[in-house]
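In what follows, a single structure is set out as structure tokens and then discussed.
The values are calculated or read from the model by the stated rules, or taken from the named source; none is laboratory data. Fair warning: this is a prediction, and the values are worked out from it, not measured in the lab. Positions of Cβ are backbone-derived with ideal geometry, glycine not excepted, and every protein chain shown enters the neighbour counts. Heavy atoms of the whole protein, side chains included, go into the accessibility calculation; ligands, DNA and RNA do not. Shrake-Rupley method; radii C 1.70, N 1.55, O 1.52, S 1.80 Å.
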Amino acid sequence: MSTPQLILKQRAELLAVLCGGGSAEPLDCVLDLLLAWEVLVWEDYLSIQVAEKALSYKVRQLLDVVYDKGEDACSCLLAAMNQVLPEEQKAGLCFGEECAVVGKNRPDTATLTLLADRPVLVRKLRDNIDGALNALLTTGCFTIKDCDAVQLPIYTPSQQVRRLLDQVRFKGETAAKTLLQFLEQTETTRPNPEDKENHPSANCMLYQKKLRSSVAAQSHTLSTYGGTGHFSLDDIYTDGLLEVMDGSGETTTLGLEDVVGPVGTLNDDADTFLVSGEAGSGKSTLLQRLHLLWAREALLTNIFLLFPFSCRKLNAEHRELSLKELLFLHCCWPDRGQDEVFQFILDHPNLVLFTFDGLDEFKQGFTDEERHCCPTKQVPIPVLLFNLLQGTLMKGVMKVVTSRPQAVGPSLKRYLRKEVLLKGFSPGGIDCFVKKHHSDPAMARRVIESLQANSVLLSLCHIPVFCWIVTKCHQELLGSQDGIPQTITDVYLLVLQHFFQRKSYQPQGVLGKAWLEEHLDTVLKLGQLALESLEASCYVFSGYELQRIGLTEQDVSMGFLIYCNDLSVTDCKRYEFLHITLQCFFAALYVVLNRNSDRSAVSRLFQSQYRQLSSLSQRCLGHCIDSSVEEVESHVTETPNLQITAQFVSGLLSQRHHNLLQECCPTAVRERKAKQVVKSLSKGMQRHFKSIPRPVEGEKKINEVQCCLDPKFFQNILKNKEGNTGLDISESCSLRNNNISDEGIRKLLEKGMKCERFQKIALFNNNLTDACTQHFAWLLKSKQNFLSLRLGNNNITSQGAEQLAEGLSSNQSLQFLGLWGNKIGDRGAEALADALRNSTTLIWLRPLSFFSLRLNKNCISREGVECLIEALKMNSSVKEVWLRGNNLSPEEEEELSKQESRLTF
Ligand code: ADP
């Protein structure tokens with residue numbers, strides 16, 4: 001088949017791979033190559049890269065342009081895609097005969113050289129955009145405005161380089177020459193791993209080979225798929241959302257290759273890169289991907305040796321070790337020339353990278369009290385680790401550390417070069433993951449549809465571990481008689497059911513109603529192991545520990561425990577739970593179902609000995625846990641796990657699981673435990689709300705309370721508190737990222753209305769819809785001292801905005817209304833504008849208060865903005881209206897902001 005035919009026939013597939021995952025990077029790389037090969041001329045490129053057009057438009061345009069150019073061009077396009085796409089995305093695609101890209105003569109102008117070398121330049125300049133811009137600025141080729149346009153934070157570093165190259169081309173030959181000169185200079189000053197002096201000996205090369213192959217073997221499969229065996233990391237890996245925040249709070253999206261790049265650097269003197277994210281957000285998997293790509297020489301190519309460590313495994317190392325022993329015993333043993341290899345490492349820190357997965361699971365909290373800098377002296381593991389992270393030992397070696405954010409205190413922050421946040425999957429990422437997981441497209445479609453029909457479940461799936469569970473348990477999910485899971489506890493019960501189902505000899509779907517009771521013995525044994533070890537910050541178990549608890553081979557074969565994937569030299573088998581959250585879930589089951597547990601087990605979980613530092617007290621049930629006693633450092637690390645456990649205990653004891661648990665645990669015992677939970681939580685919440693300081697006059701920052709409760713349980717608390725204990729909502733309440741339902745809001749506001757000092761509420765990133773806006777309208781109408789309402793990133797449409805507008809028009813006190821990231825559209829903007837216009841009489845009632853309205857990303861077009869401008873003419877108390885990311889062209893934005901200076905685009 002000819003290559004134009006191949007392109008035509010595979011058009012849908014080619015479109016899908018170049019758009020899949022929502023990143024423009026694959027398309028950009030293909031365009032770089034086609035420009036370099038002179039398949040595309042500059043005009044073609046401009047006709048494809050049209051700003052404001054969707055990615056799919058650009059890909060279609062590319063396919064059309066190349067198709068029109070005929071056979072040779074089509075061969076080159078297929079060759080470029082073959083080169084750019086990762087192996088897993090190429091499966092099933094046909095790229096035709098290998099096409100030889102004819103080597104052209106070196107171009108004779110600097111501008112053409114930039115084009116011919118574009119693919120390489122993008123890679124080279126990515127780490128040195130600042131330097132290049134500086135050179136262009138100081139030679140007068142670029143203005144500050146040019147530099148700002150290149151470095152807009154919405155662009156990834158690679159995109160910034162491409163903008164830079166495009167701008168240089170636009171400026172002409174002098175600018176192009178300046179850039180080439182700059183590149184030449186940096187090449188000569190930068191240490192090159194190929195230099196003679198850096199050149200590794202044969203023994204070092206052998207060691208590298210051995211290390212690469214053991215790292216590759218270790219990172220090839222994903223542990224959660226260990227039992228089933230047929231998923232390699234390549235098959236299933238889906239890019240997560242990575243962000244860095246600069247000093248001013250602006251965030252930039254990063255690619256995997258930028259984790260150790262310069263973007264987002266906060267401290268040039270430090271060498272430790274932190275990847276932080278909640279449990280299950282994919283930190284270990286990301287690191288594993290980094291390892292695998294390094295082992296294949298596909299990423300981090302300037303790193304000669306990469307040493308991967310797991311903090312949970314380092315916990316089990318009780319010997320004192322030197323750095324040399326740590327590297328060789330825990331990662332890879334050099335078969336020849338041990339001293340020579342170690343000397344090479346010491347001499348070339350810039351060619352070495354260490355990774356430490358799960359610092360939050362390391363038994364001891366970080367401290368920089370004990371200094372140690374001798375690579376051959378034996379010291380306890382914590383001393384070794386902390387000195388590596390600080391850079392006291394092996395300064396210059398890059399370290400990548402993953403952790404949950406809670407475990408990173410100020411003492412460690414000082415040693416961080418930058419912090420990258422891993423935010424889980426984007427909506428496109430969820431779809432992509434499900435499609436990779438299910439080879440049957442019809443099944444993938446059904447799972448995606450069922451997720452889209454359940455916003456609670458869909459929002460859970462942004463966290464990859466939940467996405468994995470939901471996808472894995474799709475059968476139970478799609479065929480569930482007990483309704484679709486609504487809470488995290490429901491999801492984990494589903495996983496439990498799924499694993500037991502898998503091992504049961506009954507035909508599919510026949511797991512009886514009393515399935516939990518049938519497997520109670522296994523559940524309790526696993527639960528005991530989970531709880532006891534959580535309390536001791538232990539996540540890896542020997543066979544002996546399993547025996548002590550009475551866990552049999554059959555229990556282990558259920559699949560909740562897996563063998564540790566370990567590079568270290570050790571003979572005995574070791575086990576860990578599939579995921580730390582699963583260990584927490586078993587611990588919670590044990591707390592709830594164990595009849596013999598002492599009476600204080602529940603309250604102990606919520607109480608004193610596991611309290612946390614006040615700076616860490618912002619997450620989960622943190623503030624509900626007593627923090628009155630002095631902190632003991634070593635407990636910091638287990639606190640988040642015990643919080644998750646407490647959350648599961650709350651979920652399991654809620655009414656919705658009554659039927660399931662009733663056969664496993666006497667009602668009286670369960671009710672007693674439920675009462676204890678409610679009591680502990682209400683005490684904790686009251687204590688926390690009371691501890692919020694009163695705002696001082698003019699204070700800008702809103703006090704925040706975060707509360708990640710199981711939403712249903714949250715409602716229960718409110719219900720249980722009515723009449724007797726009374727929930728005290730003081731001046732402000734922030735419940736962002738909480739899955740709070742519209743019904744939950746009604747109850748919360750009912751409570752708030754009774755509280756004189758309740759004046760601010762932040763509810764961004766929940767799943768609020770128009771069904772709750774009437775409650776806010778009512779709040780605004782009835783509470784004339786209310787100050788701030790933040791409803792960003794919810795699902796509010798024009799109807800909701802109309803209701804809010806109604807409330808706003810009769811309110812005299814509100815100073816801040818945040819609605820970014822909803823879908824209020826022009827109709828909603830118009831309704832708000834009317835409210836502002838009509839409330840002019842109220843301006844007299846609040847001459848001193850200024851009002852700020854945030855409407856970024858709300859699908860508003862010119863029409864809506866014009867209504868707002870009209871309203872602003874009549875209303876001087878509005879200080880600002882933010883309208884970034886709406887449906888307006890840059891020209892329209894410029895024109896409209898000239899008409900009204902209070903608009904911010
Ligand atoms: P964390 O280290 O943040 O607790 P993990 O990396 O252990 O999270 O992720 C938990 C599970 O979620 C993994 O075992 C895997 O099944 C799934 N997962 C996480 N990240 C990804 C990813 N990028 N692509 C595919 N699956 C992922």
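Flag: K104 matches the condition of being among the basic types (K, R), modelled with pLDDT under 90 and farther than 23 Å from V260 by Cβ. Return a yes/no flag: does the range 87-103 have any residue that is small (G, A, S) and in a helix (DSSP H, G or I). No, the range 87-103 contains no residue that is small (G, A, S) and in a helix (DSSP H, G or I).
May I ask you to list the residues in the range 757-782 that are farther than 19 Å from L853 by Cα and among the charged types (D, E, K, R)? Passing the criteria: only R757.
Within the set D239, D234, the sole residue that is within 15 Å of the ligand (Cβ to nearest atom) and part of a loop (DSSP other than H, G, I, E, B) turns out to be D239.
When the range 662-696 is filtered for residues that are buried (at least 20 other Cβ atoms within 10 Å of the Cβ), at pLDDT 80 or above and aliphatic (A, V, I, L, M), the ones remaining, listed by number, are A674, V677. Taking the numbered list (1) open to solvent by 30 Å² or more (accessible area, probe 1.4 Å); (2) at pLDDT below 90 in turn, D64 passes all entries but (2). The residue that is nearest to S533 (Cα to Cα), counting only those in the range 330-355 that are assigned to a helix (DSSP H, G or I) and of a type in the set (D, E, K, R), is D339.
Among the residues in the range 336-354, are any closer than 26 Å to R123 by Cβ and within 16 Å of the ligand (Cβ to nearest atom)? Among the residues of the range 336-354, not one is closer than 26 Å to R123 by Cβ and within 16 Å of the ligand (Cβ to nearest atom), which makes the answer no. Is at least one residue of the range 773-780 open to solvent by 50 Å² or more (accessible area, probe 1.4 Å) and more than 20 Å from N858 (Cβ to Cβ)? So far as the range 773-780 goes, yes, one or more of its residues are open to solvent by 50 Å² or more (accessible area, probe 1.4 Å) and more than 20 Å from N858 (Cβ to Cβ). Counting only helices (runs of 4 or more DSSP H) that sit completely within the range 356-454, those holding 1 or more residues that are in contact (Cβ under 8 Å) with a residue 40 or more places away in the chain and surrounded by 17 or more Cβ atoms within 10 Å (Cβ to Cβ) correspond to 381-390, 410-413, 427-437. Has the range 713-723 got at least one residue that is open to solvent by 40 Å² or more (accessible area, probe 1.4 Å) and either modelled with pLDDT of 85 or more or among the β-branched types (V, I, T) (or both)? No; the residues of the range 713-723 include none that is open to solvent by 40 Å² or more (accessible area, probe 1.4 Å) and either modelled with pLDDT of 85 or more or among the β-branched types (V, I, T) (or both). Taken over the range 879-892, residues that are open to solvent by less than 70 Å² (accessible area, probe 1.4 Å) and within 17 Å of W820 (Cα to Cα) amount to 7.
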